[in-house]
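Undergrad: Quick one: the structure is below, and I'll ask about it shortly.
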Amino acid sequence: MNEAASETKTIVVERELPHPPEKVWRALTQPHLIAEWLMKNDFSPVLGHRFGLRADWGAVACQVQAIEPNRTLSYTWDTKDLRSVVTWRLTPTPQGTRLRLEQTGFRPDQSSYYRGAMAGWPRFMADLERVLEGLD
């Protein structure tokens, strides 16, 4: 197999949010808030915690890989034959927070997952922004 065929793809979505990192962090780590913008879940912000995300289309098995409150959250994102990692990075800005989502690990033969994630994450981000608007 040539080198190019074994490379994986990454999706990056970034948003400038008019909210402090602490508020964005709550929306990323509190199960009832995650359910409002992403999926039903049994998330806990604890290193090594295994949790599931559930939607009409199926389920995602996850495990917390890295957690640095108000800065970084990373977890595996495994569904069917996709093995990937989702990483959220929060950077304080004068106006609020720059939120960066990165999902890595799409193999060349997984273009349907890649296209699905390319379409899905911007929608999830928009829902996340709506949830943040409603938080005090």
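What follows is calculated from the coordinates using simple rules that are stated; it is not laboratory data. Just so it is clear, the structure is predicted and the values come from calculations on it, not from any experiment. No Cβ is skipped: glycine too gets one built from the backbone with ideal geometry, and neighbour counts run over all protein chains shown.
Undergrad: Setting aside same-chain residues fewer than 8 positions from residue 40, which aspartates and glutamates have a Cα under 18 Å from its Cα?
TA: Filter leaves 56, 78, 127, 129.
Undergrad: Report the net charge of residues surrounding residue 88, where surrounding means a beta-carbon distance below 12 angstrom and charges are Lys +1, Arg +1, Asp -1, Glu -1.
TA: Values: positive: 15, 71, 89, 98, 100; negative: 14, 68, 102.
With Lys, Arg at +1 and Asp, Glu at -1, the net is +2.
Undergrad: So what is the relative contact order of the chain, in percent, for Cα pairs below 8 Å that sit 6 or more residues apart? Let's see the in-between values first.
TA: Details: 256 pairs, mean separation 40.5, N = 136.
Normalised by residue count, the contact order of the chain is 30 percent.
Undergrad: In terms of the Cα gyration tensor, with a ≥ b ≥ c the square roots of its eigenvalues, is the range 4-92 rounded because a/c is under 1.5, prolate because a/b exceeds b/c, or oblate?
TA: oblate
Undergrad: With the cut-off at 1.5 for a/c, could you classify the range 53-120 from its C-alpha gyration tensor as rounded, prolate or oblate?
TA: Prolate, since a/c reaches 1.5 and a/b exceeds b/c.
Undergrad: Can you tally the net charge around residue 130? Count Lys and Arg as +1, Asp and Glu as -1, for every other residue whose Cβ sits under 14 Å from the Cβ of residue 130.
TA: -1
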